[in-house]
Structures are given as structure tokens and as C-alpha cells.
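Input: a single structure, listed below in C-alpha cells.
Read-outs throughout are calculated quantities, based only on the coordinates presented, and are distinct from any laboratory measurement. No experiment lies behind these values; they were computed from the predicted model shown. Cβ sites come from the backbone with ideal geometry, for glycine too, and all protein chains shown count toward neighbours.
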Amino acid sequence: MDLLRFFTAGNVDDGKSTLIGRLLFDSDSISTDIIETLTKQSKTTGIDADIDLALLTDGLRAEREQGITIDVAYKYFSTEKRKFIIADTPGHTQYTRNMFTGASNADLAIILVDARNGITDQTKRHSIISSILGIPHVLVCINKMDLVNYDEAVFNRIESDYKEFAKPLNLNKISFLPASALAGDNVVKSSDKMPWFKGPSMMDFLETVEIIEDSEVKDSRFQVQYVIRPQTEELHDYRGYAGSVLSGSFKKGDAIQIFPSEIISEIDRMERNGVDVDEVNASEPIILHLKDNIDVSRGSTIVPVSQIPSTEKELHATICWMDNTSFKEGQKLLLQQNSFRTKAVLKEIESKIDIHSYTDLESDGTMNLNDFCNVRIKTAETVSFDSYRKNRKTGAFILINENTNSTVAAGVFA
Amino acid sequence: MKKLNYLDELEAEAIYIMREVAGQFDKPALLFSGGKDSICLVHLALKAFRPGKLPFPLVHVDTGHNSHEVIEFRDNLVAELGEKLIVRKVEDTIKERNLVDGKGKFPSRNGLQTYTLLDVISEFEFDACIGGARRDEEKARAKERIFSVRDEFGQWDPKKQRPELWNIYNGKVDKGENVRVFPISNWTELDIWNYIKRENIQLPSIYFTHSRECVLTDAGQLMATNEFLTLDETDVIVTRNVRYRTVGDMTCTAAVESEAYTVDEIIAELKNSKISERGATRMDDRVSEAAMEDRKKGGYF
């Protein structure tokens, strides 16, 4: 059994939380005591349906009061085929950064469109963010079909509108599904009200959609998180580099190069779960030992000598500004890429991305909360990285305000 | 390339997070309650750091209302591992700070343990505390980051959470602040049990069925009779085969009726259970809809 991480984007008005509630409810993933509590609450909020499924995901008092999702909520369910992690992300423009947060890890995006309204600015924004984040698969769920008499023509029109809009985006796979989350049509069970739709229900889709994995051509990358040195009598010379394989695979005896030091060495030994192994693969946590006793520390990147990453101190990236305080020139920042951290300065805002049309606008030098910009960053130490399009693990980073410690931006290397 | 099995993926994520803690903080600690979740945390920590020592001590905030099986289990485990354990007692905090102990039939120290926790954090200047909270437990927890920054009063501010993207964790804090880290955020109760089974992890005996004398509460829950409860002749005392789904204070954690004697039987039981873990066992969450959110804002883990 494997694990699928997906996020849902859309407004409460699009029925997003209702959809998630429906997935959980109809897949028997909600306990009776929680349903009881919800039934009570639904009565106090005065919503017509017996149970207001949105109350399942809006976990903060402020959210319940305002009836909107402010921050990401994670929900879990599993079927016989898969375990699922849902990041329920907010739809409102002012919470774009929270949506970006919930979406960053996802294998799949579910973008909700209200059948009555068709594609809106919000649909575009969510799709463009999915494109920037390189989400492997997008499911466009055309919801509230019950309010348009389950009309096939409405569905077809929205599908073709979306395809037209998505042409310039970097979305690899797009699927379409007509549904009514409120009525439960095509969510867990296929609907008899839309016989014209031949595709699977959302649950069937989720259970069977292929999770696009690191392609085989992907270069192998390992980064050191922590150096293990027991310094006991029997393990006097033990020096192991603990970390996870970020991508690709490594074999015992591989000739490797360490960055940023650029020293060359060889893999002497690899441990996984306390056992020596000859080969390790992407995502596995391991301890690596090198032939030579050399300078390797937290944040060092280790790669096969034949698969060298880009190494730069001047980097081009697309970032989303996430701080309430706007960007100020000369601000002291830290750039963190997995476990690697270095001082950084944002040298130039090259252009601002219009998040509703995906066009570059001339920069006016400002950058505010939820702005997407193409920027040039200068770092103190050399960063070893790959373009995000090639490698989601080594192409992503965050910027930290050195003074306030806040995460002020998240970005992907060009 | 094959995708990892889901338990491998959850394990890998937890180990990655623990190693980030070791790499980013000067004085981390692992909060250990003796419950299944924190026992799994210790197991994961061993996987992350052996053959080295754990880069953090285990810290137990002892409410004094624990079952003796759990305390014995804790002491045996620590002795076997040769790791450091720090115990601080709520009892002592009550004396030192002149606090009022829990009252009533089921005198809870749930609120009081936050004082002890914050005291032990400042005593040892811990800058990170690893905890076994899971997002599926409760809806406020579902909103919390894996690296959850707390101010110098230990408070969680849900409106000021740092964006947390990919697997990049920002644990930078000023002196006096700390980060609560939840490596098994993405695990469900069933994942924990499947992992316990796969890894053959030992647990305190109270997780498995046993005969116990209990008082039947008005809400229909079974509370083991013990010296901390104030019972009178109106209470209905019954003897049932029970087990615990969570380990917590004997004053606010109920047992559930069960015949499950093995991990396999527990897994089968959970798959059929219609009641959530906290719903079945905790009295403390029932106070109000935002009980957990409020406790976290007050410094609770």
C-alpha cells in the first residue's frame, strides 16, 4: 500500500470543505462521536443540511466563526488500496501563502470549480501556483453540477475553457470530473444522474491514479543532516553522515563529489536501519561513510562524480513573498535548501508575475504578501542545486529573515 | 522507481524530522509519556541516531496520576537503552508555585502539567521539544505545523504560524523561545499500530485486555478505580475486560471494553471501531469545542 498526498484548492463557496467532508464521510472515515459533535454544531450554525461537513476541517475558532478556511488542515483516510493525506488549503487571495504551504508536498491537486461560475480568477491563481510548484497531476473538479441540472454541455464548456487557459502552464497531466459534493454525486460513488460521464468517481480516481515518481533519469542527490560520532571506545573512529537520499540512488563504491567543498571521495559503507546495504534509493534515511576522512558537515551535498549539480552564488528563482511585512532592500536573509543554510541578499526583483494571467509584469521594486516574483539572489556560500523543474527536492528553498526568524519567502530555482 | 510503502514513507519522514532537530538545535529534548506514540518516537529516534547516543534526553512530565505499569515500563526502557531520563513532577510544581490541585470526583492535573512542562523547559533551556502528537487526534492539532514555534511563554499562536514548505524546516528561534516538533504528525492511530506490529515494539501491558475494576461514569465511560478518584456509594462499580487506547492520567483517561490480547487483535478492533481515539478515552477534550486550541495557546504540547 502506498501513500498519496493531495491538496484541495477552492473557496468554501466552491464546496471544498464539503467535498473533503464527503470523502471522509462516505469512505467511513469519521467516527460516530465526531459526527455527533458536528450534528450539534451544525444546528448552532444554522446550516440547512443535517451535518455541515465543512465543520470537519475548519479546526480553529476563527475559522468556524467566519466560515472560511484560513490555514491548512491535514486530514487522513485510507481505503484498502491507499493511504491518503489531504491538505485542505484556503482559497481566499489573502491566504495564498497558506495554500502554497499545503500544496508544496503534494502529488496531486484537486481544483474546484463552481459549475455555475466556470473558471474564475481564483481557479487561475490556484492552477498557476500548481504549475509553479510542479504538481505532477491536476484534477479539475467541476462541482455543484446539481445546480446546473447535471448538464453535460456546462461540463464540456468549462473543460475546454480550462484547457485553453492552461496551455501556457507547466501542468503535465490534467483530468476533469463533474460532481456534486453536497449531494455526493461522483465523489465516492459514481452518479446515476450523469450517465454521460464515463470516467471514474473521485474516490476511484484517487485510488488508482498513478503517482508520478522521480524519473529514472533524475540525478542522484544526498544531503547531510547530522554527523554521527559516538566517540565511544569501541566506535572510536566511527564517523557517519546521517541524511536522506533526496533523489536517485547510490551504490557502495560510487565515486562521489562533495559540495560546496568540491572534494572527491568514494562511498565506503552505507547503513539503513542499522544494517549495511549495497544500494540505497530515493527517500530512504541512511548513514553514509566515506573512504577518506575529509571535511563534510551538515548541509553538504553529495553526488556521483558523473552527475554534478549547478553551483552558483548568484541565483535566479521564482519566489512567493509570505511575510506580512513587505520586502525591504538590503534585508539580511538566510537561504535554506533542505539542511543547507547560507546568508543571502535579494539583489533584484526582475519581474512580478501576474498570478491571474501568468504574464510577467515590470517590477516596481516592491514585493508584498502573496506576491510572486522572479528574483536574483546573492548568497555568501555557493549553493549546489538543480532547477526545480528537474528536481523538486534540490530545486526548492525558503528565505528566512535573519532578524525576526520568520520564513518570509519560498522559492524555486530557475 | 518504486514508491515506498506507506509505513516506510512515514518512518522516513519522522527520521528526517528528528535529524533536523539534532542538526538545528543546541538543546533539544524528547517528551516521553510512556504512551504508544512516544514509545514509537523513541524507536524512531534509535533508528535515526544509532550507533550514536540520542542527541537529546527523554523528559517525562509526571502528573503523579499515571498507572504504575507505565512508570515501570518507562524505567525499564530507559535502563535498557542507557539513555538519559529527566522526570519532573506536577506534585512538586503544585508545592513550589502554590497551585491549587484538581478537585472533584475526577481531579485532573491536565492544566497543571503545562506549568511543569514550561518549568522544565526553562530549567534546562530546551530550545526544541519533540512530542508524539498526531494531526488525526484532534482538529486544532490538524492545523499545527511540524515545527511549531512557541513564544517565551510557550504559547502557540495559530495566526502566526510560519509557512512550512516541502521538507524544509525553519527552527530558528531567539533565546527563551522554543519549538515543539511533531515527527509523527502524519500518522494515524492505525498507522501507529501497524508500525508497532511490523517493528515488534513492546508496550506497557495496559494497552492489552485485562480485567479491571472500573467506575461507570455518567457519560458511559469506564474509569479504572484508583486512589486518585473520590467515589461514593452512588457510583456504579463494575469489573470488565478492558484495555487503554491512550495512556494518560488515570483521572481523565477512560478504558475501553476489549478482548484484544495481541497487536493483531487490536488492529482488527480499531478497524471496526466507530469511535475516535480521544473521543473514546479523554474527558479533557469534551469541555468545549476549542478545548485543545485553548490549551495549546496556553503552552500545552
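Label separation (B:LYS103 vs A:ILE264): 7.8 nm, computed from points 7 Å beyond Cα along the C-beta direction. In a GNM of chain A with a 10 Å cut-off on Cα contacts, which of A:GLU234, A:GLU284, A:GLU381 has the highest mean-square fluctuation? Among A:GLU234, A:GLU284, A:GLU381, the largest GNM mean-square fluctuation belongs to A:GLU234. Among complete DSSP H helices in chain B, those whose alpha-carbon atoms stretch at least 18 Å along the helix's long axis and whose mean Kyte-Doolittle hydropathy reaches -0.5 are B:6-24, B:36-49, B:68-81. For segment A:316-332, putting each phi into the Karplus relation 6.51 cos²θ - 1.76 cosθ + 1.60 with θ = phi - 60° gives couplings of 9, 8, 9, 10, 10, 7, 10, 8, 5, 7, 5, 5, 10, 4, x, 4, 7 Hz, in residue order, rounded to whole numbers and with x for Gly and Pro. Peptide B:4-14 has a mean of 5 when you count, residue by residue, the C-beta atoms of other protein chains within 10 Å of its C-beta. Shape class for the protein assembly as shown, computed from the alpha carbon gyration tensor (a ≥ b ≥ c): oblate, with a/c not under 1.5 and a/b at or below b/c. Extension gain for A:HIS289-A:ASP121 works out to 55.3 nm (0.36 nm per residue, less the C-alpha to C-alpha distance).
Between B:GLY64 and B:VAL90, the built amide H atoms are under 5 Å apart, and every one of these is 5 or more places off in sequence or on another chain.
Take each residue in A:394-400, count the other chain C-beta atoms within 10 Å of its C-beta, and the mean is 3. Peptide A:278-288 has a mean of 4 when you count, residue by residue, the C-beta atoms of other protein chains within 10 Å of its C-beta.
Across the cross-link table entries A:LYS343/A:LYS393; A:LYS81/B:LYS271; A:LYS218/A:LYS352; A:LYS75/A:LYS189; A:LYS251/A:LYS291, which are compared at the Cα atoms, the separations over 22 Å belong to A:LYS218/A:LYS352. Residue by residue, segment A:228-239 carries 3J(HN,Hα) couplings of 9, 9, x, 6, 9, 4, 6, 10, 4, 9, 5, 9 Hz when phi is fed to the Karplus relation 6.51 cos²θ - 1.76 cosθ + 1.60 (θ = phi - 60°); x denotes Gly or Pro.
Within 10 Å of each candidate Cβ there may be at most 16 other Cβ atoms; applying that plus a DSSP loop requirement, which trypsin sites (Lys or Arg not before Pro) in segment B:115-185 survive? When the trypsin sites (Lys or Arg not before Pro) of segment B:115-185 are filtered for loop state and at most 16 Cβ neighbours within 10 Å, B:LYS175 remain.
Spacing of the modelled spin labels on A:LYS313 and B:LEU85, each 7 Å from Cα toward Cβ, amounts to 5.2 nm.
Each of B:VAL120, B:GLY102, B:LEU77 was placed along the dipole of segment B:70-156 (beta-carbon charges, centred on the mean Cα), and the one lying farthest toward the positive end is B:GLY102. The string of couplings for segment A:375-390 from the Karplus curve (6.51, -1.76, 1.60, θ = phi - 60°) is 9, 10, 10, 10, 10, 6, 9, 5, 9, 9, 8, 10, 4, 4, 4, 8 Hz, one whole number per residue in order, with x for Gly and Pro. Consider a paramagnetic label point 7 Å from the Cα of B:GLU257 along Cα→Cβ; state which residues of segment B:188-228 have an amide N under 17 Å from it. Those under the cut-off are B:209-225. At full extension, B:GLU265 and B:ASP8 could sit 90.3 nm farther apart than now, given 0.36 nm per residue minus the alpha carbon distance. Just checking the listed ones, A:ALA183, A:ALA103, A:ALA87: in the Gaussian network model of chain A with Cα springs under 10 Å, the one fluctuating most is A:ALA183.
When chain A is modelled as a GNM with alpha-carbon springs shorter than 10 Å, which of A:THR342, A:THR379, A:THR325 fluctuates the most? Largest GNM mean-square fluctuation: A:THR325. Taking the centroid of alpha carbons for each part, segment A:122-151 and segment B:116-177 are 33 Å apart. Rounded to the nearest 20 debye, the dipole size of segment A:310-413 about its Cα centre is 480 debye, using +1 on the Cβ of Lys and Arg and -1 on the Cβ of Asp and Glu.
With a Förster radius of 30 Å applied to the C-beta separation of A:THR208 and A:SER306, the computed FRET efficiency comes to 0.25. Taking 7 Å steps out from each Cα toward its Cβ at A:ASN368 and B:ALA219 produces label points 4.7 nm apart. Can you classify chain A as rounded, prolate or oblate using the Cα gyration tensor, where a ≥ b ≥ c are the square roots of its eigenvalues, rounded means a/c under 1.5, and otherwise it's prolate if a/b beats b/c and oblate if not? Prolate, because a/c is 1.5 or more and a/b exceeds b/c.
Here the protein assembly as shown is assigned +1 on the Cβ of each Lys and Arg and -1 on the Cβ of each Asp and Glu. Its dipole about the Cα centre then comes out at about 960 debye.
Using 0.36 nm per residue and subtracting the Cα-Cα separation, the extra length available between A:LEU147 and A:SER297 on full extension is 48.1 nm. Once C-alpha pairs closer than 8 Å and six or more residues apart are averaged by separation and normalised to the residue number of segment A:310-413, the relative contact order reads 39 percent. The GluC sites (Glu not before Pro) of segment A:252-294 that DSSP puts in a loop, and whose beta carbon has at most 14 other beta carbons within 10 Å, are A:GLU262. Summary value for chain A: 12 percent relative contact order, contacts being C-alpha pairs under 8 angstrom separated by 6+ residues. Principal axis extents of the Cα atoms in segment B:7-94, from largest to smallest and rounded to whole angstrom, are 38, 28, 22.
Each of A:MET1, A:ASN293, A:THR342 was scored by the projection of its Cα onto the charge dipole of the protein assembly as shown, and the greatest displacement toward the positive side belongs to A:THR342; charges sit on the C-beta of Lys, Arg, Asp and Glu.
Its relative contact order, with pairs defined as Cα atoms under 8 Å and 6+ residues apart, puts segment A:195-323 at 25 percent.
Along its first, second and third principal axes, ordered by size, segment A:310-413 spans 32, 32, 18 Å in Cα coordinates.
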